[in-house]
1. With respect to the numbered conditions (1) assigned to a helix (DSSP H, G or I); (2) surrounded by 12 or more Cβ atoms within 10 Å (Cβ to Cβ); (3) among the charged types (D, E, K, R), which one is the sole condition not fulfilled by ARG205?
2. In the list PHE229, PHE219, which residue meets the criterion of being more than 10 Å from the ligand (Cβ to nearest atom), assigned by TED's automatic domain parsing to the domain that holds ARG122, closer than 13 Å to ILE128 by Cα and hydrophobic (A, V, I, L, M, F, W, C)?
3. Checking GLU152 against (1) within 13 Å of the ligand (Cβ to nearest atom); (2) farther than 13 Å from ALA117 by Cα; (3) in a strand (DSSP E or B): exactly one of these is not met. Which one?
4. Let me spell it out: the conditions are (1) near the ligand (Cβ under 10 Å from one of its atoms); (2) touching a residue at least 12 places away in the same chain (Cβ under 8 Å); (3) at positive phi, and GLY167 meets all of them except one. Which number is the exception?
5. Here is a check on your reading of the model: is ALA71 modelled with pLDDT under 95, surrounded by 12 or more Cβ atoms within 10 Å (Cβ to Cβ) and of a type in the set (A, V, I, L, M, F, W, C)?
6. Which pairs do you get when a residue that is assigned to a strand (DSSP E or B), found in the stretch 174-199, comes within reach of a residue that is charged (D, E, K, R) and more than 11 Å from the ligand (Cβ to nearest atom), reach meaning Cβ atoms under 6 angstrom, with the pair 6+ apart or on two chains?
7. Among the numbered conditions (1) in the same structural domain as PHE219 (by TED's automatic domain parsing); (2) more than 16 Å from the ligand (Cβ to nearest atom); (3) at positive phi; (4) over 27 Å from the mean Cα position of the chain (by Cα), tell me where LEU173 comes up short.
8. Can you tell me how many residues within the stretch 169-190 are surrounded by 13 or more Cβ atoms within 10 Å (Cβ to Cβ) and within 12 Å of LYS227 (Cβ to Cβ)?
Amino acid sequence: MGDYTAAAVLSIAFQQSYPVMDGNVKRVMARILGLKNLTKRNLIRIQGRLKKLISIEKPGDFNQAMMELGAKICFPKNPNCGKCPIQKSCYAFDSGSPESYPALIKKEKIPHYEIVAGLIWRKEKFYIQKRGEKGMLAGLWEFPGGKVENGESLENALRREITEECGATPIILKKIGAIKHAYTHFSITFHGYHCQENGTPIRNREFSKWIQPNQIDAFPFPKANHKLFSLLNEQGWDV
Ligand code: DGT
């Protein structure tokens, strides 16, 4: 049981003076005390203050009131200070800029890419290639493909990428599916396709192989590819 649930149960069901510290209560207290950042130290200060404030007779009511104050009046944006019963004891209200307490943590926006990649079949085998030893997903095996450019259709992007990488344009047979994956610095939607050679054999490179589905475990692939393998295991690998 987490601290939050434990405090809620102890105070509401057993009338014990444990202050609840959910997100709403932390915000309300940060505003009352004028705390800009919810650092560990400030959270300890908040807890200390709540322990002093909490009603001995009705700790459950106190906790519920604090949580509701946060949920119904002391909103993260546009708090309804006019309706707040403790407006007079609030540092943030006094400051004229209640929203600045606590300061909102700006989430860094990470880019999202649409990625297309193809399993190019030659009889019962498909083509894989090894990524370079430097950079993202270094040394892992992958299917030829890459990022879709602005305004480009998925299938055109797939034909373009494979032609660039393998020196031959494939025939696109069927879409396997799309899966989402988040890396630390960007996220992708990965569209996988069954493809086949179009007369011209695709160019083998130093680090490329033709393998069967039952060999995939022998080659390390990026996480996104494992999600694609799960799809293929469900729907069957054959086209
Ligand atoms: P770049 O173009 O310098 O950004 O180089 P890459 O290879 O990192 O990027 P690109 O354009 O090939 O984009 C593919 C992204 O998708 C890359 O971040 C790796 C990831 N990925 C995961 N699995 C696969 C796969 O099977 N094939 C391909 N081509 N990319 C995959």
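The values are calculated or read from the model by the stated rules, or taken from the named source; none is laboratory data. Please read all numbers here as calculations on a predicted model, not as lab measurements. Because the Cβ atoms are built from the backbone with ideal geometry, glycine has one as well, and the counts that use them run over all protein chains shown.
1. The one condition ARG205 does not meet is (1).
2. From the options PHE229, PHE219, the qualifying one is PHE219.
3. So GLU152 meets the others, but not (3).
4. Result: GLY167 fails condition (1) only.
5. So ALA71 fails the test.
6. Hits for this filter: THR189/LYS180; TYR193/LYS175; HIS194/LYS174.
7. (3)
8. The qualifying residues number 8.
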